[in-house]
């Protein structure tokens with residue numbers, strides 16, 4: 001459509017509900033073929049941002065372009081090229097999977113091959129099943145199938161893996177990577193750090209309706225602290241100065257029997273080698289690499305939902 | 001031959017278009033959850049058979065100008081069927097689709113959610129027409145009701161009754177937040193309105209005040225127009241205009257207040 005330009009352009013988006021400002025001056029652009037994550041705690045404004053982008057809500061101000069199209073002015077064309085997966089269950093209980101797929105297929109000019117799609121999503125044997133008999137994970141996958149059925153150029157996936165078990169979640173991630181390999185741009189709303197780190201080329205961290213940081217997940221994580229950390233249990237006591245004199249090391253701390261060393265560069269090699277020369281072995285070495293979670297805490301002073309609490 | 005080929009060809013043709021597919025699935029849902037079919041066809045046809053077999057209902061009464069009580073009940077049962085479909089059959093699925101987010105989900109596809117509303121209308125209309133044909137044919141052929149005096153007036157009366165009642169159903173779907181809410185509002189409307197249609201006391205037996213009120217209710221006006229077409233001739237303007245008025249007012253209100261999410 002517009003070569004290798006932006007698939008999504010959002011500038012100064014603002015949306016209020018009465019006195020509450022849900023989205024406040026949000027701007028970002030997503031390149032074609034990119035997986036772009038919108039990450040933040042519940043109520044941060046992620047879903048409102050995405051709902052404005054796909055034309056479900058009208059922003060108070062700001063401009064939105066998807067492949068150069070305006071979600072309100074070019075409604076028909078937008079829905080042909082943008083596939084959407086919403087959070088809520090939205091299908092009648094007494095329709096069969098195959099009947100739902102055939103109906104959604106008929107909405108699009110050039111739909112995809114349904115058999116192949118549901119095979120990839122692990123719904124191949126479910127065509128004759130009623131929607132109400134599907135498990136939560138199967139419903140979620142059907143919802144993803146409906147988002148992809150029209151061969152979209154952009155897929156918007158809102159909390160795609162919420163409610164899935166860990167295996168189903170990893171399957172969904174593989175699917176998304178496969179979809180991107182076909183050149184589809186993906187806008188992924190999530191509050192799972194691991195998901196964003198695994199899938200996204202870039203992530204916008206949203207808090208209280210504002211973007212607090214926007215970068216590649218790894219860069220955001222490194223930015224969160226001044227370096228990386230290594231944690232281990234020494235076989236014998238040693239003088240801290242042994243390590244603090246190393247150029248790679250910035251700090252040495254003690255936590256019970258463990259030693260935590262923070263620093264930069266080839267930190268782990270330098271620490272282990274130096275200790276070995278001094279006759280000390282490092283047991284149970286753990287790389288204390290910082291994560292998006294750290295980045296989020298550092299930038300906002302608050303925690304995202306913990307993965308375990310969501311299951 | 002062609003009359004057999006058509007119902008077979010329709011599903012095949014329907015699958016080629018988005019609207020056809022939506023209608024097809026609405027038909028399946030109506031069949032799998034046959035509340036509308038039971039209320040719209042089953043109950044009125046059952047009542048028709050019961051009333052038709054009651055000797056006291058088949059006695060020609062001088063006070064009714066030689067008509068039987070059964071003759072009076074044919075239009076009442078027609079209106080019963082229409083009211084069931086308009087006040088319950090139409091709004092309950094629509095409210096449930098909004099409650100589930102089906103309409104919202106559709107508004108992210110190239111197909112507008114209003115197509116589901118139209119498809120529901122088409123399905124309920126087909127159920128209504130089936131029911132009316134069964135009631136008229138069985139009422140006249142099996143239970144001796146007089147053949148309609150004015151067929152054109154009857155068609156016009158039924159058309160205006162549908163036009164007046166269906167928007168009331170849409171308005172119920174607009175007011176209710178949930179399918180249960182729509183069901184409660186629909187039933188609260190159905191029984192008093194059916195009283196004024198004469199279900200418990202036919203209009204010909206109503207005292208003056210009740211009849212006056214009945215004339216202003218949508219079901220009362222519908223019964224009057226249909227009954228006059230069947231027994232006398234082209235119906236008077238008053239009930240027809242009353243039905244047209246309900247169509248306009250509730251059509252406007254439903255359009256104004258219906259929400260897609």
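Rule-based calculations on the coordinates, nothing more; no lab input. Because the structure is predicted, anything quoted here is derived from the model rather than measured. A quick note on method: Cβ atoms are made from the backbone with ideal geometry, for glycine too, and the neighbour counts reach across all protein chains shown.
Output the antiparallel fraction of DSSP beta bridges having both residues in chain A, as a percent to the nearest 5.
Working: 37 of 55 bridges.
If we restrict to bridges inside chain A, about 65 percent are antiparallel.
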- Using Cα pairs under 8 angstrom and six or more residues apart, how large is the relative contact order of chain B, in percent? 24 percent
- Item | Top of A:92, A:217, A:152 by mean-square fluctuation, Gaussian network on chain A, Cα under 10 Å | A:92
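Give the relative contact order (percent, whole number) for the range B:140-261; include only Cα pairs under 8 Å separated by 6+ residues.
On the way: 147 pairs, mean separation 52.2, N = 122.
Computed value for the range B:140-261: 43 percent relative contact order.
Ignoring everything except DSSP H segments at least 4 long, calculate the 222 nm mean residue ellipticity for chain A; use -39,500 (n - 2.57) per segment, divide by total residues, nearest 500.
On the way: 12 runs with 103 residues, N = 311.
Rounded to the nearest 500, it is -9000 deg cm²/dmol.
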- Task: Using only Cα atoms, tell me the angle between helix B:218-231 and the longest principal axis of chain B; keep it within 0 to 90° and round to the nearest 10.
- Result: 50 degrees
- Task: Taking every Cα atom in the protein assembly as shown, find the radius of gyration and the maximum pairwise distance Dmax, and write them in Å.
- Result: 33.1, 122
- Item | Rule-of-thumb Rg ratio for the range B:37-134 [Cα; 2.2 N^0.38 Å; N residues] | 1.49
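Could you give me D for the range A:226-289, from Stokes-Einstein at 4 °C and 1.567 mPa s, where the hydrodynamic radius is the Kirkwood radius over C-alpha pairs? Units µm² s⁻¹, please.
My calculation gives 114 µm²/s for D.
Counting only other chains, what is the mean number of Cβ atoms within 10 angstrom of the Cβ of each residue in peptide A:90-101? Walk me through the numbers before you get to the answer.
Values: counts 9, 5, 11, 5, 7, 5, 3, 0, 0, 5, 2, 0.
Whole-number average of other-chain Cβ neighbours for A:90-101 is 4.
Which value, to two decimals, describes the C-alpha radius of gyration of the range B:88-205 once divided by 2.2 N^0.38 Å?
Working: Rg = 17.3 Å, N = 118, 2.2 N^0.38 = 13.5 Å.
Rg over 2.2 N^0.38 Å, computed on Cα atoms: 1.29.
Determine the equivalent ellipsoid of the range A:6-222 by diagonalising the alpha-carbon gyration tensor, then write out the semi-axes as square roots of 5 times the eigenvalues, largest first, rounded to whole Å.
28, 19, 17
What relative contact order, as a whole-number percentage, does chain A give when Cα pairs under 8 Å and 6 or more residues apart are counted? Could you put the intermediate results ahead of the total?
Numbers: 599 pairs, mean separation 60.2, N = 311.
The value is 19 percent.
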- Message: Of all beta bridges DSSP finds with both residues in the protein assembly as shown, what is the antiparallel percent, to the nearest 5?
- Response: 65 percent
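Eigenvalues of the Cα gyration tensor times 5, then square-rooted: what semi-axes does that give for the range B:2-257, in whole angstrom, largest first?
Working: eigenvalues 217, 90, 50 Å².
Equivalent ellipsoid semi-axes, largest first: 33, 21, 16 Å.
Could you rank the peptides B:92-103, B:231-242, A:124-135 by their average count of other C-beta atoms within 10 Å per residue, with the highest value first?
Details: B:92-103: 22.0, B:231-242: 16.7, A:124-135: 14.4.
Per-residue Cβ counts within 10 Å, averaged per peptide and sorted highest first, yield B:92-103, B:231-242, A:124-135.
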- Query: What's the Cα-based Rg to Rh of the range A:188-274, Rh via Kirkwood?
  - Reply: 1.12
- Query: According to a simple spin-label model (label point 7 Å from Cα along Cα-to-Cβ), what is the distance in nm between residue A:286 and residue A:214?
  - Reply: 3.6 nm
- Task: Could you state the angle between the C-alpha long axis of helix A:166-181 and the longest principal axis of the C-alpha atoms of chain A, as a value from 0 to 90 degrees rounded to the nearest 10?
- Result: 70 degrees
- Item | Viscosity 0.890 mPa s, 25 °C: Kirkwood-radius Stokes-Einstein D of the range B:168-261 over Cα pairs, µm²/s | 170 µm²/s
- Task: Among A:93, A:216, A:22, determine the one that fluctuates most according to a GNM of chain A built with springs between C-alpha atoms less than 10 Å apart.
- Result: A:93
